[in-house]
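Heads up, the thing below is written out as structure tokens.
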């Protein structure tokens, strides 16, 4: 009887403790909400300039999301509409994939043959001013909005670059960015090599790539293939899986792990190698991000390809676009992805098997001016 009384008291203590913890957390939350209301009201009454409270609230939402990680953000209805256009392969702007680092806009990758790339913007550049406006303190979404504008209009970017003492200035004309995902050609005469440059992972990137490779396979006797993922900022996860599957005969491609069971998944390749087990070299650089890292990482782990070039960017998370009632949306990190080896590439990237430092910035298909491509060609021919 005494033991039963003790057990009952213990259970009561647990329930009381849980209720107390829940109540304490709720009280703290309400205190913070009250504090936020007080700050907002004080700004409204005392700040030197009159403010738009709706804009302040948008900034507060963005601040909350940016505090989570560099890739989560709030999109206004206008930004949300623009983002949906981006993934379909045609949009207006400069042609750069950007992220936030230490409160400044960082260029993940310029898209080839776009105004930004042609002007000389490079992966790793920090954009510190847009048309003279300081970027420090702005959200990623606000920076994107500043960069967008009428087609043909000019924008001035002030950039800080590693190993450059002075800030660099670029005047760039905005244009309609038409992303043709795949560029391909046959290199060489005696020993022919199939060269495929994959610029992004859009809705039909896999179809474009399959079409090119199938044509090469029917018309030519090839020594091997080069898959060029340099300055490919990524895109759709489904496309990364489809394209990796094309080159793999079997095995795991990638796994994602999130809080929800639905976001914890593993993806495997189907039987069949699209290039019939021919040698494959993948070229990467610091502008190869996200989906590019899934492809290169999986092919490396399975020893299906030699990775040549430089360490990739290191973006190992998956963002979901969640529509909101106001017509805008949330870009929210919902899971992280892991390579077949079980390693995460977040902030680490994929290390190449053969490190070849990039010289110059010209990505035309020309082995005379492209040292990484020349190395890959020589390697395949040998």
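No value in this document is a laboratory result; all are computed from the given coordinates. Here the structure is a predicted model, which is why all the values come from computation and not from measurement. Heads up, the Cβs are rebuilt from the backbone with ideal geometry, glycines too, and the neighbour counts pull from every protein chain shown.
Relative contact order of region 110-188: what whole-number percent is it, with Cα pairs under 8 angstrom and at least 6 residues apart?
Taking the mean separation of contacting Cα pairs over the length of region 110-188, I get 30 percent.
Quick one: 50, 142, 211, fewest Cβ neighbours within 10 Å first, how do they rank?
Taking fewest neighbouring Cβ atoms as first place, the list is 50, 211, 142.
So what is the relative contact order for the chain, in percent, with contacts set as C-alpha pairs under 8 Å and at least six apart?
Dividing the mean separation by the residue count of the chain yields 13 percent.
For a quick protection proxy, order the peptides 228-238, 186-196, 160-170 by their average other-Cβ count within 10 Å, most packed first. Each step should come with its number before you reach the end.
Working: 228-238: 24.1, 186-196: 16.4, 160-170: 11.0.
Packing proxy ranking, top to bottom: 228-238, 186-196, 160-170.
For 245, 69, 368, what's the fewest-to-most ordering of other Cβ within 10 Å of each Cβ?
368, 69, 245
Can you give the helix-only mean residue ellipticity at 222 nm for the chain, where every DSSP H stretch with n ≥ 4 adds -39500 (n - 2.57) and the sum goes over all residues, rounded to the nearest 500 deg cm²/dmol?
Only helices count here, giving -11000 deg cm²/dmol.
Rounded to the nearest 5, what % of the DSSP beta bridges within the chain are antiparallel ones?
75
How much of the DSSP bridge set in region 182-381 is antiparallel, in percent, rounded to the nearest 5?
On the way: 22 of 39 bridges.
Antiparallel bridges make up about 55 percent of those DSSP assigns within region 182-381.
Using per-residue counts of other Cβ atoms within 10 Å, averaged over each peptide, order 127-138, 198-209 from highest down. Before the final figure, lay out the partial values.
Values: 127-138: 15.1, 198-209: 20.8.
Highest to lowest by the protection proxy: 198-209, 127-138.
Take each of the peptides 330-338, 318-326, average the number of other beta-carbon atoms within 10 Å over its residues, and list them starting from the highest.
Highest to lowest by the protection proxy: 330-338, 318-326.
Give me the angle, in degrees from 0 to 90, between the Cα long axis of helix 291-301 and the longest principal axis of the Cα atoms of the chain, rounded to the nearest 10.
In the chain, helix 291-301 runs at an angle near 70 degrees to the longest axis.
What ranking do 210, 216 get, fewest neighbouring Cβ atoms within 10 angstrom at the top?
210, 216
Just to be sure I understand the model, the point goes 7 Å from the Cα along the line to the Cβ. What's the resulting residue 185 to residue 368 distance in nm?
A separation of 1.2 nm, rounded to one decimal place.
Helix 205-219: angle to the longest alpha-carbon principal axis of the chain, degrees 0 to 90, nearest 10?
20
Just check region 182-381 against the gyration tensor rule for me: Cα atoms, a ≥ b ≥ c as the square roots of the eigenvalues, rounded for a/c under 1.5, and otherwise prolate or oblate depending on whether a/b exceeds b/c. Don't skip to the end; give the middle numbers.
On the way: a/c = 1.80, a/b = 1.62, b/c = 1.11.
Here region 182-381 falls in the prolate category.
Quick one: grab the alpha carbon gyration tensor of region 167-238, order the square roots of its eigenvalues as a ≥ b ≥ c, and give me rounded if a/c is under 1.5, else prolate or oblate depending on whether a/b is larger than b/c.
Prolate.
Any idea what angle helix 371-381 forms with the longest principal axis of the chain, computed on alpha-carbon atoms, 0 to 90 degrees, nearest 10?
Around 60 degrees separate the two axes.
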